[in-house]
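Have a look at the structure below, then the notes.
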Amino acid sequence: MSQPNIIRARISLAVISLLCCAGHAFSHPGDEHKLEQLNAVITQQPSLQSAYIQRAALYTRTGNYPLAEKDFEAAQTLGDLYLVSHELGAYYFKIKKYVAAVNQFTNYLEHYPNHYPTLEYRAEAYREIGKTQKSLEDFSHFLETSPYTNPGHYLTVAQIILSETDQGNSIDDAISIIDLGISRSGNSPQLQSFAVQLEISREFFDAALTRHESLRDITSASPRWHVEMAEILVTSKQWGKARDQLNQSAVKLADYKKTPAREKLLIHIEKLQRHISDKL
Amino acid sequence: MLMIGKRLIATMVFLSIIGCTLTAQQNSITTFGANTSGTTPNTSPQKPERLFLQQISDVSVIIKWRGEAMQACLATGAGPLTEKTTCVTAKETTGRHKEALFEQLTADTAYVYSVGEYSAPSLRFRTAPPTGSPPKDGNVHVWIIGDSGTATEQYPLGNYTHPGEAKMVLDGFLKYNAESNPLLKNEAVDVFLLLGDNAYIDGTDKEWQGAVFDLYTEILTQSAVWPTIGNHEMGSGELNPTGTRIVHYPGASLTANPNNYMSRENLTPRRIPYLDIFTLPTDGNVGGVASGTEQYYSFDYGNVHFVSLDSQLSARDKIQRDAMRGWLIADLSSNQLDWTVVIFHHPPYTKGSHDSDEKPSSFLGIDTPIIDMRKEFTPVFEDYGVDLVYGGHSHSYERSYYLNGHRGDANSFDEKIHSELNSDGKAATGYGGESYFQVSPGSQKDDKVVYTVAGSSGKVSLKKGKLDHPAHTVQQHDPERRRGLAELGSVVLDASSTELTARFINEKGEIRDTVVIRR
Ligand SMILES: [Fe+2]
């Protein structure tokens, strides 16, 4: 399997694993209670569109697809079509009719362009039908509008960009997603170190150094931070500055509480120092 | 991973949720005499529906509540608010909460406070000592509860299944603290840790109210509470066990996305209530390295570094799990404090109501994090100076030997390879003459960790579990001498500059297990 396909398969598998296979019988009184409530509402107000949408959504969630379809059809006759579109798109997504799902989500987003759950849904539907660029546009919009995201969301999208789009602009695009994450959730080692590696991979060493510098205070300039700085400097052949960083790290290590990781770090420092001595 | 495919949000409900989540306003601070409360705007004499402290550091505290009051006031000292008082106008935050952030406080100092016009003798706390130093009383006093949320458990048939049991554990702790605490009678809790599954059955806001805020009311007004996400915090999972019909099962959510929470009474996917309730440090401002997320974070309290990991959401996705692990390494690499304690819900070693030997695919994959946390995170704990790891999930108490390098199933455990040994060449027990040392005498390295399952703070159950994981110590107080205790209880952890002592206290207030690490 190619790299993009591996990542794609991994992501899809995690989704499929939500819905698979076991012999346990689980009770679910919540569903039945909700259904009873909706049935009562529809009996009292047989032309209330929102009740049909909600009941269709509930049937979708519980896998009663024929009943869901019937309610969606009824809802479409009782009011504006676009009001049905989000849930109907979700229904199509669930039964794997991704093109139909995209059409419904698009209809909904024309009226509610920042509705982030629909954006995320459509991003996934686009991925399913191989429209990666469209998918990434929606993912980016989703990340900008969702009230809650975490660093992992941005890393995931950056990985998709790197594995599924044209090599030409993919690093630029991945870095802008990471920077969006930093602007929304604050600077953190998960995001910034990933961006550092991308800068190094395209030999933008100054950018890599600036990015790593931004983690100085966040990591209290730990011995490990100094070594990581030295590694960027070694890669960019700035031997003298690299040696300074290693020396600072070694001095700090002598003061820090000993751990196996710090002992390994010291060995790594000595190795890098020998490497630099050979170069100088 | 990004949520894929389960966004079935009813539009109107969704819009109303969004409408009330974006109403933050800035704090404003005034300083005046407390007796001028008549001039205080927007106050209410009512006791807040919930009131708790967040992120107590050496210089700051967040007073958080739900209720009419629009400001909180605070003064140094032990008595009523008669000294010079500082008041802060609250900002409104998600979940109809109010938060007042007080900064520039003095370390290791007693404060009293009020919320609106509500004041009570119980509204007091102590700031943390300066980072790196133990408190003036010499000891960081930590109370830890896991799977305590049974005060609201009415599952499956609607009747309370464990009435009063969480309260019994609380009373047992209070009795121990008042009568038996060998260090200081009635010592205030400095740090209150929740190990997950603290509000059964679905972690709804209402269940948090009944299982936590209405039960631990006084401790929550006097100590900062620091939680981690358990499987029940994520509500009910959407499962299709027969392939024909989707059902919703509490505690069985498999998503890595916190926006994909659903409860049995409301199947509309939405943000996990946990994140609306707690205000946790994402920027390292209470010590530790910025995590950029409230799902996992760290903080310092005096000479102890605490880390709360997310084994329920982040652990379920490879990219997010790697990100959390990378952050943990950066965090622990910066840490220089005397002791390090890590919490997360899914225990790496257990033979209680959950089994750490289950295959990843067993039981629908609900317990996969147990294996991933063991394989990918225990090496970090050992290499980066962690001393104690706490989890819950299994509803019993199990405490390990001083471990290194055990990544496989229980039957691959070899005490000679994986644990600290006593003079007889057997696994050392951790108490009496066999207490542990941070730098292991065996390896001459700080490379060992004690893992504890403390999931019986609300109920006891074993299912098929036999409490026989060989990495856990044989419990002297267990009538069958199993490697665990099928007893209600909680853990009290005390950290001085030279000694870390953890005790399991049962619901009667008796000490049932002790482990000591010295440095
Ligand atoms: Fe659990």
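Each value in this text was obtained by applying a stated rule to the coordinates, not by laboratory testing. As the structure is a prediction and not an experimental result, all values here were calculated from the model. Cβ atoms come from the backbone with ideal geometry, glycine included; neighbour counts cover every protein chain shown.
Some points to look at:
- Net charge, residue B:222 excluded, C-beta distance under 12 Å - Lys, Arg +1, Asp, Glu -1: -1
- Footprinting exposure proxy for B:373, B:70, B:324 (fewest neighbouring C-beta atoms within 10 Å first): B:70, B:373, B:324
- Fully extending the segment from residue A:251 to residue A:206 would add 13.7 nm, taking 0.36 nm per residue of separation and subtracting the current Cα-Cα distance.
- From its DSSP helices (H runs of at least four residues, each -39,500 (n - 2.57)), the protein assembly as shown gives a residue-normalised ellipticity at 222 nm of -11500 deg cm²/dmol.
- Once both labels are positioned 7 Å from their Cα atoms along Cα-to-Cβ, the gap between residue A:258 and residue A:32 label points is 6.5 nm.
- The lysines whose alpha-carbon is closer than 16 Å to the alpha-carbon of residue A:279, local same-chain residues fewer than 8 away aside, are A:237, A:241, A:271.
- Using the Cβ-Cβ distance between residue A:144 and residue A:96 with R0 set to 35 Å, the FRET efficiency works out to roughly 0.80.
- Shape category assigned to the range B:310-456 from the gyration tensor of Cα positions, a/c cut at 1.5: oblate
- Net charge contributed by nearby residues that have their C-beta within less than 13 Å of residue B:328 (K/R +1, D/E -1): -3
- Each of the peptides B:357-369, A:144-156 was scored by the mean count of other Cβ atoms within 10 Å over its residues; in descending order, highest first, they stand as A:144-156, B:357-369.
- A DSSP coil position with no more than 12 other Cβ atoms inside 10 Å describes the following trypsin sites (Lys or Arg not before Pro) in the range B:403-499: B:463, B:464, B:481.
- Relative exposure of B:453, A:196, judged by other C-beta atoms within 10 Å (fewest first): A:196, B:453
- Charge sum, other residues only, whose C-beta stays under 10 Å from residue B:141's C-beta, Lys/Arg counted +1 and Asp/Glu -1: -4
- Cut-off 14 Å (backbone N to label point 7 Å along Cα→Cβ of residue B:183), residues of the range B:136-156: B:136-144
- Greater than 30 Å apart at Cα, pairs in B:185/B:464; A:257/B:459; B:167/B:351; B:426/B:464; A:258/B:136: B:185/B:464; A:257/B:459
- Exposure here means at most 11 other Cβ atoms within 10 Å; with trypsin sites (Lys or Arg not before Pro) in a DSSP loop as sites, the longest stretch of chain A lacking them is A:97-236.
- Note on the protein assembly as shown: dipole from Cβ charges, positive end direction compared against B:183, B:200, B:97; the farthest Cα belongs to B:200.
- Relative contact order %, chain B, counting alpha carbon pairs below 8 Å whose residues are six or more apart: 14 percent
- Between the beta carbons of residue A:39 and residue B:423, assuming R0 = 60 Å, the FRET efficiency works out to 0.25 to the nearest 0.05.
- Taking a ≥ b ≥ c as the square roots of the eigenvalues of the Cα gyration tensor, an a/c ratio of 1.5 or more together with a/b no larger than b/c marks chain B as oblate.
- The range A:86-142 shape via C-alpha gyration tensor axes, a/c threshold 1.5: oblate
- Cβ-placed point charges (K, R +1; D, E -1), dipole of chain A about Cα centre in debye, nearest 20: 1080 debye
- Cβ crowding within 10 Å, taken as a proxy for footprinting-reagent exposure, orders B:62, B:417 from fewest neighbours to most as B:417, B:62.
- Across the range A:148-214, the volume of the C-alpha convex hull divided among the residues equals 69 Å³ per residue.
- For the range B:353-376 and the range B:171-240, distance of Cα centres in Å: 25 Å
- On Cα atoms only, tilt of A:49-61 relative to the major axis of chain A in degrees: 60 degrees
- Model label sites at residue B:481 and residue B:463, defined 7 Å from Cα along the beta-carbon direction, differ in position by 2.9 nm.
- At q = 0.06, 0.09, 0.10 Å⁻¹ the log10 of I(q)/I(0) for the protein assembly as shown amounts to -0.39, -0.90, -1.12, computed by Debye summation with a single uniform scatterer per C-alpha, solvent ignored.
- Mean-position separation - Cα centroids, the range B:311-351 and the range B:417-475, in angstrom: 20 Å
- When you restrict to C-alpha pairs under 8 Å that are six or more residues apart and normalise by the size of the range A:219-280, the relative contact order lands at 35 percent.
- Helix runs (DSSP H) in chain B reaching 18 Å along axis by Cα, Kyte-Doolittle at least -1.0: B:318-334, B:368-383
- Percentage relative contact order, chain A, counting C-alpha pairs under 8 Å, at least six apart: 8 percent
- For A:251-263, mean number of other protein chain Cβ atoms within 10 Å: 5
- Helix A:82-94 axis versus longest C-alpha principal axis of chain A: approximately 70°, rounded to the nearest ten.
- Where the Cα pairs of chain A fall when distances are cut into 5 Å bins, in %: 1, 5, 10, 11, 12, 11, 10, 9, 7, 6, 5, 5, 4, 2, 1, 1, 0, 0
- The mean number of partner chain beta-carbon atoms within 10 angstrom of a residue's beta-carbon across peptide B:321-334 is 6.
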